[in-house]
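The values are calculated or read from the model by the stated rules, or taken from the named source; none is laboratory data. Quick caveat: nothing in here was measured; it's all calculated off a predicted structure. Every residue, glycine among them, receives a Cβ derived from its backbone with ideal geometry; neighbour counts consider all protein chains shown. The area values use the complete protein model at the heavy-atom level, side chains included, leaving out ligands, DNA and RNA. Shrake-Rupley method; radii C 1.70, N 1.55, O 1.52, S 1.80 Å.
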Number of protein chains: 4
Amino acid sequence: METESKETTVHRLRSIAGHVNSIERMVADDQYCIDVIKQIQAVQAALAKVGELVLDGHLHSCVTTAIRGEDPSERERVLREILDVYQVAGK
Amino acid sequence: METESKETTVHRLRSIAGHVNSIERMVADDQYCIDVIKQIQAVQAALAKVGELVLDGHLHSCVTTAIRGEDPSERERVLREILDVYQVAGK
Amino acid sequence: METESKETTVHRLRSIAGHVNSIERMVADDQYCIDVIKQIQAVQAALAKVGELVLDGHLHSCVTTAIRGEDPSERERVLREILDVYQVAGK
Amino acid sequence: METESKETTVHRLRSIAGHVNSIERMVADDQYCIDVIKQIQAVQAALAKVGELVLDGHLHSCVTTAIRGEDPSERERVLREILDVYQVAGK
């Protein structure tokens, strides 16, 4: 991953971990269940965005290199992996 | 898309359309709401599988050709499109 | 379900079945894979909206009746069913 | 939320925050993008399970109390909130 994307990704994940910690406190403090669920959904959406950022970097580096390369099994592997994460994302 | 995948995809979509028609009848016949919702979710899952099949064919044809080609804007376009559909799938 | 919601639901499902048929033709006509995937995702979103409409009617009728009733197993059943469909929706 | 569910929920959220921290280190250490994405997806699934646990408690407490109560606007509010979180979960 490029340095800038990497720093953005690390920063966002740190912020997400803090968000999860704050939800833990909400539950410990008996805050309203629906507010807890909405915060959990906000974290899931933030994680989805980080996943897109990582996939973006991956497509422009490893995937492009492998597909432009001459090893058919490498090409097949990177395409298979994209399908795998797409399949899980779509569930 | 290869002929075999294409026939599979067409066949599955026809079957899914029939499934949606049967849900329409369930609603018209006042069947139990939760059963209707479960059938709707089954159709959504079936559509997700068709989407994966179509993406599989796309990665092995257009995407591979574009990335192995010499037009940087074409390469960027196919990668951007993968990210677009991944983003929607993850919502 | 109330008559108006029922008609809306039936109408939407009929329109969704037509949409699926049109995607089938897109595939048969070799239209661009990404356009096919985007139409599939549009149908999935339309089905999600129908599911919400059906759940809305269900909560205001069967669920309310059961929870206001005096049969604990009925109350448990309707709550369990909400959790079941919520679980699948969140995948 | 009952004491037992509350402890389970707090415990799971603490574990999830630790998981997010470990993904942050994976990115900082330049680990393989697809492995990072798969861990992100694992955290999203773990959060979905916590959300279900919280909703379960909510349905059996606040929702049941409100629907059995005599305030129609309270009943409407709790049903509306269920629809809201269901709608986001289904995206």
Worksheet entry | Test for B:Gly57: is it among the small types (Gly, Ala, Ser), in contact with an Asp or Glu (Cβ under 9 Å, 6 or more places away or on another chain) and on the phi < 0 side of the Ramachandran plot | yes
Fill in: For C:Val50: the one exception among (1) in a helix (DSSP H, G or I); (2) open to solvent by 40 Å² or more (accessible area, probe 1.4 Å); (3) within 8 Å of chain B (Cβ to nearest Cβ)
(2)
Item to complete: Among the residues of segment D:53-82, write down those that are in a helix (DSSP H, G or I) and surrounded by fewer than 16 Cβ atoms within 10 Å (Cβ to Cβ).
Response: D:Ser61, D:Thr65, D:Arg68, D:Pro72, D:Ser73, D:Glu74, D:Glu76, D:Arg77, D:Arg80
Worksheet item: Can you pull out the residues in segment C:6-25 that are at the interface with another protein chain (Cβ under 7 Å from one of its Cβ atoms) and either more than 19 Å from the chain's Cα centre (by Cα) or at pLDDT below 95 (or both)?
Response: C:Lys6, C:Ile23, C:Glu24
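Is it the case that A:Ile40 is over 19 Å from D:Asn21 (Cβ atoms), of a type in the set (A, V, I, L, M) and in a helix (DSSP H, G or I)?
Values: over 19 Å from D:Asn21 (Cβ atoms): no; of a type in the set (A, V, I, L, M): yes; in a helix (DSSP H, G or I): yes.
In short, no.
Is it true that some residue in segment A:15-36 is outside any helix (DSSP H, G or I), open to solvent by less than 70 Å² (accessible area, probe 1.4 Å) and within 30 Å of D:Gly57 (Cα to Cα)?
Here is the first cut: in segment A:15-36, the ones outside any helix (DSSP H, G or I) are A:29-32.
Those left that are additionally open to solvent by less than 70 Å² (accessible area, probe 1.4 Å): A:32.
Next, only the ones that are within 30 Å of D:Gly57 (Cα to Cα) stay: A:32.
Yes, some residue in segment A:15-36 is outside any helix (DSSP H, G or I), open to solvent by less than 70 Å² (accessible area, probe 1.4 Å) and within 30 Å of D:Gly57 (Cα to Cα).
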Worksheet entry | Candidate set: segment A:23-53, residues that are in contact with a Lys or Arg (Cβ under 9 Å, 6 or more places away or on another chain) and among the β-branched types (Val, Ile, Thr); chosen: the one nearest to D:Val54 (Cα to Cα) | A:Val27
Worksheet, complete the sentence: Within segment C:32-91, the residues that are among the β-branched types (Val, Ile, Thr) and farther than 24 Å from B:Val88 by Cα are C:Val63, C:Thr64, C:Thr65, C:Ile67, C:Val78, C:Ile82
Item to complete: Confirm whether A:Ile40 is within 7 Å of chain D (Cβ to nearest Cβ) and within 20 Å of the chain's Cα centre (by Cα).
Response: yes
Worksheet entry | Number of the exception - D:Thr8 against (1) open to solvent by 10 Å² or more (accessible area, probe 1.4 Å); (2) under 23 Å from A:Ser5 (Cβ atoms); (3) among the β-branched types (Val, Ile, Thr) | (2)
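In the list D:Ala28, D:Ala66, D:Ala48, which residue meets the criterion of being at pLDDT 95 or above, within 23 Å of A:Val36 (Cβ to Cβ) and out of contact with any Asp or Glu (no Cβ under 8 Å at 6 or more places or on another chain)? Please lay out each step first, then the result.
Numbers: D:Ala28 fails: within 23 Å of A:Val36 (Cβ to Cβ); D:Ala66 fails: out of contact with any Asp or Glu (no Cβ under 8 Å at 6 or more places or on another chain).
The match here is D:Ala48.
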Item to complete: Kindly list, by first and then second residue, each pair from a residue in segment C:68-91 that is among the polar types (S, T, N, Q) to a residue that is open to solvent by 20 Å² or more (accessible area, probe 1.4 Å), limited to pairs with Cβ atoms under 7 Å and residues at least 6 apart or on different chains.
Response: C:Gln87/D:Glu52
Worksheet item: For A:Thr3, which of the numbered conditions (1) under 18 Å from the mean Cα position of the chain (by Cα); (2) more than 9 Å from every other protein chain (Cβ to nearest Cβ); (3) under 30 Å from D:Val85 (Cβ atoms); (4) not acidic (Asp, Glu) fails to hold?
Response: (3)
